[in-house]
Each structure stands twice: as C-alpha cells, then as structure tokens.
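Novice: Can you read through this structure? Questions will come right after.
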Amino acid sequence: MHNVQQNQLNIKKVAVAYQELQTDLYIELWEEFKADLLNWKAVIEKETLTIRFEEPEVLFAIGSSELSEKFQIILDDFFPRYVRIISSDKYKNNIEEIRIEGHTSSEWSGESEEMEAYFNNMRLSQNRTRSVLKYCLELIQEPIILTWSLQHVTANGLSSSRLIKNNEGLEDEQKSRRVEFRTKTNAEKKVVEIIERMEKI
C-alpha cells in the first residue's frame, strides 16, 4: 500500500514538474521571439510548445522542397537562438525530441485522386522537412550543441494528415501549408515508467 501511494506521489511530482517545465520554456521562447513573430508570420502555441511558420509562399515555391531565400534568412536568425534555449542545461535532459514537421493542404495540382494527392503531398512534406533539418543543422557552430541536436532533432513529413480547419470546420488550405518546430518533453515517458513499476508490485 505504501509503495502504491509513493508511486502515485511520484506521478504527481512528474506531472507538476512537466507543467512547470512547459511554462518556463514557453515564457523563455516567447521572450526571445515575441518581437520577430509578426515579421516571420509565425506563432508560438503554448500547450504543445510549437513554433509554427504559417506563410506558405515565404517557405517554399509551390511543389518545391527547396527553401526560399526568405525562409533561409528567417532560419538563419531563428534556429541558432531556438536550439540554444532548448539545449541549455535547464531543459536539455527533459527534451525527448524536437520535431521539425512539414504539413500540406489536401490539394495537389492536376486531376489527382485523393489517395494519390495524399502520397504526393507526403513525399513533398518529407523532402521539405529534410531540407529544413539539413539547413538548420548546418547553422550550428558549437560541437556540443550539434551533437545534442543530432540526437534530438528529427524531420517529419506529415502530408495532409493534420489539416487546420476554419471556423466553419472546413480545411484552411493556406494555414494547413506550414512548417512547425514542436518540442516534446520526456514527462510522458517518465510517467509510463512509474506506472510500469507500479504494475510489477
């Protein structure tokens, strides 16, 4: 009985620590980038610690995975500052993954069937996120941060699987075409480990 209560207390502590970590990291990212977000056409989502670049014509040409010159300039400014915060001593041991996510609308040029459009967009979104990942990693000058980034930063092309809807519940094609930097902490993993230990008791 004592072990069960202790494990429940441990789960509560992890949950509280996770919330505090989320809040601290959000505040730090907001303070760092609040003056740039409007110019970058970007937003920070507090609940998921996601920085979303949502102006598609700024990111890539239609159908291309080559970064636009404007997006390169944005990344030159954004990514070194971003990764410096995320990989700092305060956060680095609690970060499971930094996901660079590429998202598309459900459209594809021509008379494409829905399935064909999905896989064409999947290939495009994967190529785009790999381009972003490669470009960002090449910006890192410090060997320690580069090593950490190679272990934690991933490229994830998601096609049209996570569309953004408008107020009427319809696909917002413009906003659905986006690149996101999503921070995933290891809090869930720690909770699962505690629960697994509880089940063995």
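The values are calculated or read from the model by the stated rules, or taken from the named source; none is laboratory data. Worth saying up front: this structure is predicted, and the values here are computed from it rather than measured. Reconstructed Cβ throughout: ideal geometry from the backbone, glycine too, with neighbour counts over all protein chains shown. For accessibility, only protein heavy atoms count, side chains too; no ligands or nucleic acids. Shrake-Rupley method; radii C 1.70, N 1.55, O 1.52, S 1.80 Å.
Novice: Search region 39-69 for residues being assigned to a helix (DSSP H, G or I) and free of Cβ contacts under 8 Å to residues at least 12 places away in the same chain, and hand back the single one that is farthest from the chain's Cα centre (by Cα).
Specialist: Glu69
Novice: Which one of the conditions (1) modelled with pLDDT of 85 or more; (2) under 17 Å from Thr183 (Cα atoms); (3) surrounded by 13 or more Cβ atoms within 10 Å (Cβ to Cβ) does Val58 fail to meet, given that it meets all the rest?
Specialist: It fails just one condition, (2).
Novice: Report the residue count in region 95-112 for those that are open to solvent by 50 Å² or more (accessible area, probe 1.4 Å) and either under 15 Å from the mean Cα position of the chain (by Cα) or of a type in the set (D, E, K, R) (or both).
Specialist: 3
Novice: Within the bounds of region 155-170, is there any residue that is assigned to a helix (DSSP H, G or I) and either at pLDDT 90 or above or closer than 27 Å to Phe119 by Cα (or both)?
Specialist: Among the residues of region 155-170, not one is assigned to a helix (DSSP H, G or I) and either at pLDDT 90 or above or closer than 27 Å to Phe119 by Cα (or both), which makes the answer no.
Novice: Kindly indicate which of Lys200, Lys175, Lys92 is more than 15 Å from the chain's Cα centre (by Cα), over 21 Å from Leu67 (Cα atoms), at pLDDT below 90 and not β-branched (Val, Ile, Thr).
Specialist: On inspection, the qualifying residue turns out to be Lys200.
Novice: In the set Asn10, Asn39, which member is modelled with pLDDT under 90 and either open to solvent by 60 Å² or more (accessible area, probe 1.4 Å) or not hydrophobic (A, V, I, L, M, F, W, C) (or both)?
Specialist: Asn10
Novice: Within region 84-94, is there a residue that is touching a residue at least 40 places away in the same chain (Cβ under 8 Å), in a loop (DSSP other than H, G, I, E, B), out of contact with any Phe, Trp or Tyr (no Cβ under 8 Å at 6 or more places or on another chain) and under 20 Å from Glu173 (Cβ atoms)?
Specialist: No, that holds for no residue.
Novice: Assuming Glu138 fulfils every condition listed in (1) in contact (Cβ under 8 Å) with a residue 40 or more places away in the chain; (2) of a type in the set (D, E, K, R); (3) open to solvent by 40 Å² or more (accessible area, probe 1.4 Å) apart from one, which condition is it?
Specialist: (1)
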